[in-house]
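Written out below as structure tokens is the structure these notes cover.
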Amino acid sequence: MHTSKATRILVRAVLCALLLCVVQVSAQAEDTVADGLRAYRDGDVETARRIWEILAEDGDPKAQFNLGVLYDAGDGVVADPARARALWSAAAEQGLAVAAHNLALLELEQAGSDAERIDAARARLEQAAAAGLARAHYTLGKMMLEGVGGEVDAARAIELIRRAAEGGYVRAEYNMGKAYRDGLGVKADPAMAADWFGRAARHGHAGAQEHLARRLATGDGVTADPVMALGFALLAARQDYPDALAMAEDLKQELGIMDIAKAVQFADEFNPVPVAHE
């Protein structure tokens, strides 16, 4: 079993990654919840909070969930884990699987090496996964990959992460690329690695964009295309991904002015392919 520190790192990585996805969960909810979403996307967190506070008090589970995310992250409010837990509990009681997922993450974060609490969190995650929540499959896979609450089982872990990736969860797509790159739980396959990195890259994942750029530059698992390599390197650099800017500058040295212009145009016009975060 992994240390409590490793468990906290796993949980925070997933919770932090959910912040932007979280508000998208409510995108097709009633207009008032969508108003909060639009305010949040426009950078007006205070308006989003006020909208979701009113709806949460009226028992709207999606508003409760989104508001819980703000309190968990300290996004526009003073961080209040207890408030986040209460809000997610209320939403989970109404059957919102993603709220149950986040409650399980909080439980894992506080469990330390307590096997009973880890088992309880896993049971909650399995319920969310059974309800079709892709990110619950991902979290279960990462737990198994890291040995949280049991022995490491890379093959089973990757199968769970694959299910999440096939369900449209971008972090899972990226992790599938790494699995095929490293031969982790699957046979190493450069072409499959490039394919999964490509899916996540087109969905806007910075790390995947950087990895795909390197493969396009060298022809590793994919047909070499230095122009597209520069394009994806620029996209990753614009998200401040480590070393992406340096790679982009190196690629520019190998290309002519017209090719550089094509790559810049690609990056300027790039729109991430919509994904299903659930």
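What's the extension gain from GLU254 to VAL78 if we count 0.36 nm per residue and subtract their Cα-Cα distance?
Values: separation 176, 0.36 × 176 = 63.36 nm, distance 4.91 nm.
Here the segment from GLU254 to VAL78 would lengthen by 58.4 nm.
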Check: For the pair ALA131 and THR218, what calculated FRET efficiency results from E = 1/(1 + (r/R0)^6), where r is the Cβ-Cβ distance and R0 = 35 Å, to the nearest 0.05?
Finding: 0.25
Next item on the list: State whether the chain is rounded, prolate or oblate according to the following rule on the C-alpha gyration tensor (a ≥ b ≥ c being the square roots of its eigenvalues): a/c under 1.5 gives rounded; otherwise a/b larger than b/c gives prolate, and the remaining case gives oblate.
Entry: oblate
Check: Efficiency by 1/(1 + (r/R0)^6): what FRET value for LEU245 and GLU166, r their Cβ-Cβ distance, R0 = 30 Å, to the nearest 0.05?
Finding: 0.40
Next item on the list: List the aspartates and glutamates whose Cα lies under 19 Å from the Cα of LYS262, skipping any in the same chain that are fewer than 8 positions away.
Entry: GLU210, ASP225, GLU249, ASP250, GLU254
Next item on the list: Would you calculate a helix-derived [θ] at 222 nm for the chain, using -39,500 (n - 2.57) for each DSSP H run of n ≥ 4 and dividing by the full residue count, to the nearest 500?
Entry: -23500 deg cm²/dmol
Item checked: Segment ARG156-ALA86, length gained on full extension (0.36 nm per residue, minus Cα span) -> 21.9 nm
Margin query: Using a Cα-Cα cut-off of under 18 Å, which lysines could be cross-linked to LYS187, ignoring same-chain neighbours fewer than 8 residues away?
Written below: LYS178
Notebook entry, point to check: In degrees, nearest 10, range 0 to 90: what is the angle between the Cα axis of helix 170-182 and the longest Cα principal axis of the chain?
Noted result: 50
Notebook entry, point to check: For GLN94 and ARG41 in the same chain, what is the full-extension length gain: residue separation times 0.36 nm, less their Cα-Cα distance, in nm?
Noted result: 16.5 nm
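Coordinate-derived values only; no laboratory data. If you're wondering where the values come from, they're calculated on a predicted model, not measured in any experiment. Methodologically, a virtual Cβ is constructed for each residue, glycine included, from the backbone with ideal geometry; neighbour enumeration extends over all protein chains shown.
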